[in-house]
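Quick notes on the structure that follows.
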Amino acid sequence: MNRRNALQTLTTLVALPWLPACSRASDTGAAAAPAGAKTASSKIVRLNRPAAAWWDQVSPAAYRMLFEEDTEPSFSSPLDKEKRDGTFVCAACHLPLFDSAHKFDSGTGWPSFTRPVAGHIGTKKDFKLVWPRTEYHCARCGGHQGHVFDDGPPPRGERWCNNGVALAFVPKGQPLPALRS
Ligand SMILES: [Zn+2]
């Protein structure tokens, strides 16, 4: 085996573990799609839009939650008691974030879910309180939604605790709103 062949073999071996992920991405075509053009795929393209540009498209309260990472008072959102079938979308860009099938009553006074729509949420560690928490946000516009905890119901054990004002509810049977860019 000469040096070039050896190098090729090595490259193939190193590349192999990544093949499944790469083929999934290219299969959906999402990587080549313009920002926000697709929502059905799991690959969401982050909008290149400053937070201030959302100011006139959401309520002042929603803006504080979404783009200043504030937290609404518990039991203040009507969505906490929303029990109809439907979809919860980001109040800013309208990306679907949660399905009503995964909503549960956590008793905390905030809309709570066992899981988000796959690929539509981003997370980061948050040290605003004494203990670290996991903050999560809309993967498309970056708007803050809430925090995820590990004391949720089985089988996943997750509790996605959301500011109601950062969401909009679309009952089943009604068309989802167009994405905003
Ligand atoms: Zn959004």
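The values are calculated or read from the model by the stated rules, or taken from the named source; none is laboratory data. Model, not experiment: these values are computed from the prediction. Cβ atoms come from the backbone with ideal geometry, glycine included; neighbour counts cover every protein chain shown. In case anyone asks, the SASA skips ligands and DNA or RNA and just uses the protein heavy atoms, side chains included. Shrake-Rupley method; radii C 1.70, N 1.55, O 1.52, S 1.80 Å.
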Based on the Cα gyration tensor of the stretch 72-171, what are the three equivalent ellipsoid semi-axes, each the root of five times an eigenvalue, rounded to whole Å and given largest first?
-> 18, 16, 14
Given backbone amide H placed at 1.01 Å from N, residues whose amide H is under 5 Å from that of Leu167, ignoring those fewer than 5 places away on the same chain, are Ala91
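What's the ranking of 144-154, 163-173 by average number of surrounding C-beta atoms within 10 Å, highest first? Intermediate results must be reported in sequence, preceding the final value.
On the way: 144-154: 17.2, 163-173: 19.6.
Those peptides, ordered most packed to least, come out 163-173, 144-154.
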Taking all protein chains together and a probe of 1.4 Å, list Arg84, Arg64, Arg140, Arg49 from the most accessible to the least accessible.
-> Arg84, Arg64, Arg49, Arg140
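How many lysine pairs does the stretch 45-133 hold where the Cα atoms are under 28 Å apart and the two sit 8 or more places apart or on different chains? Please list the in-between numbers first.
Details: Lys81/Lys103; Lys81/Lys124; Lys81/Lys128; Lys83/Lys103; Lys103/Lys124; Lys103/Lys125; Lys103/Lys128.
Lysine pairs meeting the criterion: 7.
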Compute the separation of the alpha-carbon centres of the stretch 155-181 and the stretch 42-82 and state it in Å as a whole number.
-> 11 Å
For the stretch 72-171, what % of the accessible area comes from carbon and sulfur atoms, probe 1.4 Å?
-> 59 percent
Estimated vicinal HN-Hα couplings, Hz - the stretch 153-164 in sequence order (Karplus 6.51, -1.76, 1.60; Gly, Pro = x) = x, x, x, 7, x, 9, 10, 8, 9, 10, 5, x
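Roll a 1.4 Å probe over the protein chains and send me the accessible area per residue for the stretch 72-171 in Å². Present the calculation step by step, with values, prior to reporting the outcome.
Details: 4340 Å² over 100 residues.
Accessible surface, normalised per residue, equals 43 Å².
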Kindly write out, for the stretch 166-181 in residue order, the coupling ³J(HN,Hα) from the Karplus curve 6.51 cos²θ - 1.76 cosθ + 1.60 (θ = phi - 60°), rounded to whole Hz, with x marking Gly and Pro.
-> 8, 10, 10, 9, 10, x, 4, x, 9, x, 5, x, 4, 5, 9, 10
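Can you check what the net charge comes to around Pro153, using other residues whose Cβ is under 15 Å from the Cβ of Pro153 (Lys, Arg +1; Asp, Glu -1)? Spell out each step's value before the answer.
Working: positive: Lys103, Arg115, Arg156, Arg159; negative: Asp105, Asp150, Asp151, Glu158.
Summing Lys/Arg as +1 and Asp/Glu as -1 gives 0.
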